[in-house]
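Below you'll find the structure, written out as structure tokens, and then a few comments.
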Amino acid sequence: MATIRDLVAAAASSGEIDARHEAELLLGHVLGRPRAWLYAHAQDGVDVDAQRRFESLVEARRGGRPVAYLTGTRGFWTLDLLVTPDVLIPRAETERLVELALERIPVDKDCAVADLGTGSGAIALAIASERPRARIVATDASPAALAVARANAERLGLANVSFAGGDWCAALGAQRFDVIVSNPPYIAAADPHLGQGDLRFEPVSALASGNDGLDAIRSIAAQARAHLEAGGWLLVEHGFEQGEVVRALFSTNAYTEIATARDLEQRERVTLARTPLRPLRMS
Ligand code: GLN
């Protein structure tokens, strides 16, 4: 009988950097155990049925399918999220957006927050888990994505998030918010990266946005003004080469305190700004 150690080693021998980690995630999924358990049980035998299921997942992974879609889960912030091919796979760099949002959402006060294009619900649910007093509206144009986000909210028992279908601010009705966050699609439609790696399997509507990748951010920057309270914050994730153009877009829409924050790799990743504290007086 093959042991856990044998199976991981054989699957990881494909030479990819992440192969061992990925093999462990896939075997852990088949056995219904966390990765750490595999280390403590490396010498345990694996029954033939589980071995077959594992090997067929490894085969699918070799064919390019993202690990998160094969296991149906991805860790984000402190949460274990369900993911399907209907939603973008949550990325580590988006945790930067969560941190920046949390700095602007008080722990001890009510706060209205919107997450535009929520996908799996990653950002909204991470905020909800850290700020029980915040009331969060998570939107998505895709009913299939909203179903995944709702399932995540339910599974995590986070009742302070509600869901609404529609494009960007169209889903918000007449509501105003203290903080609006979004990780919109921001890749140019002709970018060759869309044909590579995990991106090939993710919903293109969650990745690509017009010729320059900025259609969604343009809409959000323009529309969010009318949905923010005075002094409210808008925080948008973008590509690492888009900081300057996103700051300019925010400036065109008369936001103030415009700044861009970097991710862990020191790349410009999130631009944030607020609406003026009081309306401009004409004299
Ligand atoms: N950061 C992702 C990538 O380049 C894109 C996510 C997005 O478009 N919001 O893989």
Considering each of ARG155, ARG225 in turn, give the residue that is away from the ligand (no atom under 16 Å from the Cβ), within 30 Å of GLY64 (Cβ to Cβ) and not polar (S, T, N, Q).
-> ARG155
Quick one: is ALA159 outside any helix (DSSP H, G or I), surrounded by fewer than 19 Cβ atoms within 10 Å (Cβ to Cβ), free of Cβ contacts under 8 Å to residues at least 24 places away in the same chain and of a type outside the set (Lys, Arg)?
-> yes
Residues being in contact with a strand residue (DSSP E or B) (Cβ under 7 Å, 6 or more places away or on another chain), surrounded by fewer than 18 Cβ atoms within 10 Å (Cβ to Cβ) and assigned to a loop (DSSP other than H, G, I, E, B) - total across segment 217-273 | 1
Do you know which residues across segment 177-200 are more than 10 Å from the ligand (Cβ to nearest atom) and surrounded by 15 or more Cβ atoms within 10 Å (Cβ to Cβ)?
-> PHE177, ASP178, VAL179, ILE180, VAL181, ALA188, ALA189
Options PRO132, PRO185; residue that is in a loop (DSSP other than H, G, I, E, B) and in contact with a strand residue (DSSP E or B) (Cβ under 8 Å, 6 or more places away or on another chain) = PRO185
Neighbours by Cβ (under 7 Å, 6+ apart or cross-chain): first from segment 43-67, among the acidic types (Asp, Glu); second surrounded by fewer than 15 Cβ atoms within 10 Å (Cβ to Cβ) | ASP44/THR3
With the checklist (1) buried (at least 21 other Cβ atoms within 10 Å of the Cβ); (2) within 16 Å of the ligand (Cβ to nearest atom); (3) not charged (D, E, K, R) in hand, flag the one item VAL113 doesn't pass.
-> (2)
Considering segment 201-216 alone, what residues qualify as being more than 25 Å from GLY63 (Cβ to Cβ) and either within 10 Å of the ligand (Cβ to nearest atom) or small (Gly, Ala, Ser) (or both)?
-> SER209, GLY210, GLY213, ALA216
Return yes or no: is ASN152 buried (at least 19 other Cβ atoms within 10 Å of the Cβ) and either basic (Lys, Arg) or within 16 Å of LEU82 (Cα to Cα) (or both)?
-> yes
Listed residues ARG61, ARG91; which is surrounded by 15 or more Cβ atoms within 10 Å (Cβ to Cβ), closer than 30 Å to ILE258 by Cα and of a type outside the set (Asp, Glu)?
-> ARG91
Segment 227-241 residues that are without any contact (Cβ under 8 Å) to a residue 40 or more places away in the chain, paired with ones that are within 16 Å of the ligand (Cβ to nearest atom) and part of a strand (DSSP E or B) (beta carbon under 7 Å, 6 or more apart) | PHE240/GLU268; PHE240/ARG269
Quick check, is PRO106 modelled with pLDDT of 95 or more, part of a loop (DSSP other than H, G, I, E, B), exposed (fewer than 15 other Cβ atoms within 10 Å of the Cβ) and out of contact with any Asp or Glu (no Cβ under 8 Å at 6 or more places or on another chain)?
-> yes
Check off (1) over 20 Å from VAL270 (Cα atoms); (2) away from the ligand (no atom under 15 Å from the Cβ); (3) aromatic (Phe, Trp, Tyr) for TYR69 and give me the number that stays unchecked.
-> (2)
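The values are calculated or read from the model by the stated rules, or taken from the named source; none is laboratory data. No experiment lies behind these values; they were computed from the predicted model shown. Neighbour counts are summed over all protein chains in view; Cβ atoms, including those assigned to glycine, are modelled from backbone coordinates with ideal geometry.
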